[in-house]
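Read the structure below first, then the notes.
The values are calculated or read from the model by the stated rules, or taken from the named source; none is laboratory data. Just so you know, these numbers come straight off a predicted model, no measurement behind them. All Cβ positions, even for glycine, are placed from backbone atoms using ideal geometry, and neighbour counts span all protein chains on display.
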Amino acid sequence: MENNPLTNTNDNEQLIRIKNVNSPDAVIQGMYLEITNIAQGVNIALLVYVVTSEAFLSTKSLDLIAKLFLAITSLFICALFWIRYYLDTKILDRSFTVSSVVWFFAYIAFQGISVAFINLPNVWFVSTGIFLFFGSGFYQLNLREMKRKQKANVLSIQSGVLSDYLRWQTQRMKELLFLSIFSILGAIIITIGFLPLLIASAIALGVSVWQLVVCRDYRKFINTGI
């Protein structure tokens with residue numbers, strides 16, 4: 001059976017309309033990624049300010065080491081979420097909805113709050129837990145966008161890798177949700193004295209290193225040579 005040129009034309013026009021709806025203008029996407037760069041830069045500047053403050057430097061003995069572990073953890077978290085948000089935006093050709101934009105600024109705000117409270121470890125663990133909850137929510141937004149674009153056949157990622165990427169995103173979402181709960185529980189455990197602050201901060205640092213190592217998986221999903 002021969003293809004109907006008129007039908008093909010209509011299908012192509014519909015696909016173009018779908019792609020235009022789901023994919024942002026390149027200039028807008030560039031501006032959005034620049035906001036990500038600025039936000040993480042501000043958080044790193046805030047981190048430097050906190051660790052050079054008198055309240056941080058005047059801390060004695062083991063508590064200083066614990067706070068140093070939390071500071072390094074915050075630095076790794078900044079790098080972690082910059083890498084993931086930047087690369088996910090590129091891979092997904094992320095669309096811009098009100099919900100995703102509001103969610104973005106909420107998680108950036110709580111990340112800044114987390115960094116600001118390094119000198120108050122209990123508050124740091126709680127604010128970091130809230131921040132990780134928003135990070136987990138971003139993966140839910142990613143999965144929703146991927147499924148929507150999969151139906152529209154406009155995903156930039158190769159179809160052969162798509163199922164692996166869906167599983168990877170789902171796993172990261174579950175991990176951050178668990179770590180969010182774990183971080184808030186950590187604040188309670190420290191407060192009641194069940195676990196020394198030094199050990200809790202060392203565990204937090206180890207978890208951040210683990211999550212950074214996981215980022216190597218991006219080599220399977222993009223062709224930029226990372």
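Summary table
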| read-out | value |
| --- | --- |
| Residue list for region 197-225, filter: of a type outside the set (G, A, S) and without any contact (Cβ under 8 Å) to a residue 24 or more places away in the chain | I199, I203, W210, V213, R216, R219, N223, T224 |
| Single condition K60 does not satisfy, out of (1) over 19 Å from G30 (Cα atoms); (2) buried (at least 20 other Cβ atoms within 10 Å of the Cβ); (3) of a type in the set (K, R) | (2) |
| Filtered residues of region 49-98 (kept if touching a Pro at 6+ places or on another chain (Cβ under 9 Å) and of a type in the set (D, E, K, R)) | D63, K67, D93, R94 |
| Options T128, T170: the member that is modelled with pLDDT of 90 or more, part of a helix (DSSP H, G or I) and surrounded by fewer than 20 Cβ atoms within 10 Å (Cβ to Cβ) | T170 |
| Wholly enclosed helices (runs of 4 or more DSSP H) of region 19-98 bearing at least 2 residues under 25 Å from L176 (Cβ atoms) and modelled with pLDDT of 80 or more | 26-51, 61-92 |
